[in-house]
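Asks: Here it is, the structure in full.
The values are calculated or read from the model by the stated rules, or taken from the named source; none is laboratory data. It should be emphasised that the depicted structure is a prediction, and the values quoted were computed from it without experimental measurement. Positions of Cβ are backbone-derived with ideal geometry, glycine not excepted, and every protein chain shown enters the neighbour counts.
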Amino acid sequence: MTSRTQGTIRTVAVLTTSILGTAVLAACGGDSEGSGGNDGNDGGRHTPITAADGLTIVEDAPDDETDEHFVERIVYPVGPDGSGKPNPEENWADLYLPTGAEEPAGAGDTELAEATVPLVVYIQGTGWNGGAHGASHVASDLASRGVAVINIEYRGVKEGAGWPKTFEDVAAALDYVPTIGEHYPQLRVGDATVVGHSAGGQLAAWAGSRGDLDDDEVGAQPTFTPTRVVSLAGPLDLIRAANTGDDNIVKAMQATPDERPEEYDSIDPIRNINPDVAVVAVHGTDDTVVPQGNSERFVDAAVDAGGSAELVLLKDEDHLSFLKQDSPHYTRVLDIIRQTATLPHDVLDGDQFD
């Protein structure tokens, strides 16, 4: 192992249908050895899908799982090499676009299309169980503020995944972002922000450091790396959290840190700091699920490693409360995400949100 630093309108030409389209259209079920999940099917439910300009789209995503500014639900390929059969009930990403951003600048000529719309990739945590529909209001409210959102779902621990399959799904979803960007060239894929809540905060930080993984490690050789990360109540000091009572981590990893030391080491944010990725760690002072010390220690380590990292503490907020629309801090959290996604990278100097 290498040494680690401690601390609804498509406007472009039709592209070739990927193996994703072939796999899903051939069967809405099944699974390959590396693709993870329950057995690759949709639990007896039939999820209508269609191929559209090289993307595989879920037809008629449930209204109670989406919100204003929703465009479409995109199924992404799974498995370390993208050859697994995805489950359209779980392996999807919802795209939200701001009003007026449906058409890229230079629409009608892909050579003139400009990536002008800030992009957030959002990862819900829920103990590494996904539940992206629970963040649809966040995605919609960010889109109303001018930010495009790709809200990803993945197979979680309760679906029989966990290590490594949950993490392979998240890596696959992240690495499909550039393909989505080919269809929506208005998105700033090359300067994107990954945001995650709770376990999603760990996954967001991992998204920023996957490029430093050894080739044989889960999530290695990424085709997408964010330039910014916002962790919302994330277990950023993962091994310490697991060793001090966070059972959700042990369930997700299906082992303790002593039983899988290398695997934990490869995904622990504080042990895999990429100083080129600006990080904002947001935490409630009353969080008893993931204590604020996780964010405090990570930010200190990132700064010591020469990175840009900032801690934002929300007084009297717990693990979930600040993401509720009636929270006094909800609008501030949205503004932090929007500013992180839109400000020039060099302005994110660790002292932006005091």
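Asks: Of the conditions (1) at pLDDT 95 or above; (2) out of contact with any helix residue (DSSP H, G or I) (no Cβ under 7 Å at 6 or more places or on another chain), HIS345 fails just one. Which one is it?
Replies: Of (1) at pLDDT 95 or above; (2) out of contact with any helix residue (DSSP H, G or I) (no Cβ under 7 Å at 6 or more places or on another chain), only one is false for HIS345: (1).
Here's the yes/no breakdown for (1) farther than 30 Å from ALA161 by Cβ; (2) surrounded by 16 or more Cβ atoms within 10 Å (Cβ to Cβ); (3) in contact with a helix residue (DSSP H, G or I) (Cβ under 8 Å, 6 or more places away or on another chain):
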site: MET253; (1), (2), (3): no, yes, yes
site: PRO257; (1), (2), (3): no, yes, yes
site: PRO261; (1), (2), (3): no, no, no
site: TYR264; (1), (2), (3): no, yes, yes
site: PRO269; (1), (2), (3): no, yes, yes
site: ASN272; (1), (2), (3): no, yes, yes
site: ALA302; (1), (2), (3): no, yes, no
site: SER321; (1), (2), (3): no, yes, no
site: PRO328; (1), (2), (3): yes, no, no
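Asks: If I ask for residues that are of a type in the set (A, V, I, L, M, F, W, C) and exposed (fewer than 14 other Cβ atoms within 10 Å of the Cβ), which ones from the range 330-354 would you list? So that I can check it myself, show each step before the final result.
Replies: First, pick out the residues of the range 330-354 that are of a type in the set (A, V, I, L, M, F, W, C): 333-334, 336-337, 341, 343, 347-348, 353.
Listed by number, the list holds a single entry, VAL347.
Asks: Would you check which residues across the range 215-241 are over 17 Å from the mean Cα position of the chain (by Cα) and farther than 19 Å from HIS197 by Cβ and list them? Before the answer, list the steps.
Replies: Step one: list which residues in the range 215-241 are over 17 Å from the mean Cα position of the chain (by Cα), which gives 215-217, 237-241.
Once the filter is applied, which keeps residues that are over 17 Å from the mean Cα position of the chain (by Cα) and farther than 19 Å from HIS197 by Cβ, the range 215-241 yields ASP215, ASP216, GLU217, ILE239, ARG240.
Asks: Assess whether GLU296 counts as being over 17 Å from THR340 (Cα atoms) and in a helix (DSSP H, G or I). Break it down stepwise before answering.
Replies: Values: over 17 Å from THR340 (Cα atoms): yes; in a helix (DSSP H, G or I): yes.
So GLU296 passes the test.
Asks: For the range 156-166, how many residues are under 13 Å from the mean Cα position of the chain (by Cα) and either surrounded by fewer than 24 Cβ atoms within 10 Å (Cβ to Cβ) or basic (Lys, Arg) (or both)?
Replies: The first filter runs over the range 156-166 and keeps only residues under 13 Å from the mean Cα position of the chain (by Cα), leaving 166.
From the residues that got through so far, the ones that are either surrounded by fewer than 24 Cβ atoms within 10 Å (Cβ to Cβ) or basic (Lys, Arg) (or both) too are none.
Within the range 156-166, residues that are under 13 Å from the mean Cα position of the chain (by Cα) and either surrounded by fewer than 24 Cβ atoms within 10 Å (Cβ to Cβ) or basic (Lys, Arg) (or both) number 0.
Asks: Related question: Quick one: THR342 ticks every box in (1) over 19 Å from PRO98 (Cα atoms); (2) touching a Pro at 6+ places or on another chain (Cβ under 7 Å) except a single one, so which number is it?
Replies: It is condition (1) that THR342 fails.
Asks: Next question, about the same structure. Determine, yes or no, whether ASP276 is closer than 21 Å to VAL120 by Cβ, among the acidic types (Asp, Glu) and modelled with pLDDT of 95 or more.
Replies: Working: closer than 21 Å to VAL120 by Cβ: yes; among the acidic types (Asp, Glu): yes; modelled with pLDDT of 95 or more: yes.
Judged against the criteria, ASP276 is a match.
Asks: How many of the residues making up the range 142-153 are touching a Leu at 6+ places or on another chain (Cβ under 9 Å) and buried (at least 23 other Cβ atoms within 10 Å of the Cβ)?
Replies: Here the count works out to 8.
Asks: Among the residues of the range 94-113, are any more than 20 Å from THR179 (Cβ to Cβ), small (Gly, Ala, Ser), touching a strand residue (DSSP E or B) at 6+ places or on another chain (Cβ under 7 Å) and modelled with pLDDT of 95 or more?
Replies: no
Asks: Of all residues in the range 274-300, which are within 18 Å of LEU213 (Cβ to Cβ) and surrounded by fewer than 20 Cβ atoms within 10 Å (Cβ to Cβ)?
Replies: Residues satisfying the conditions are PRO275, ASP276.
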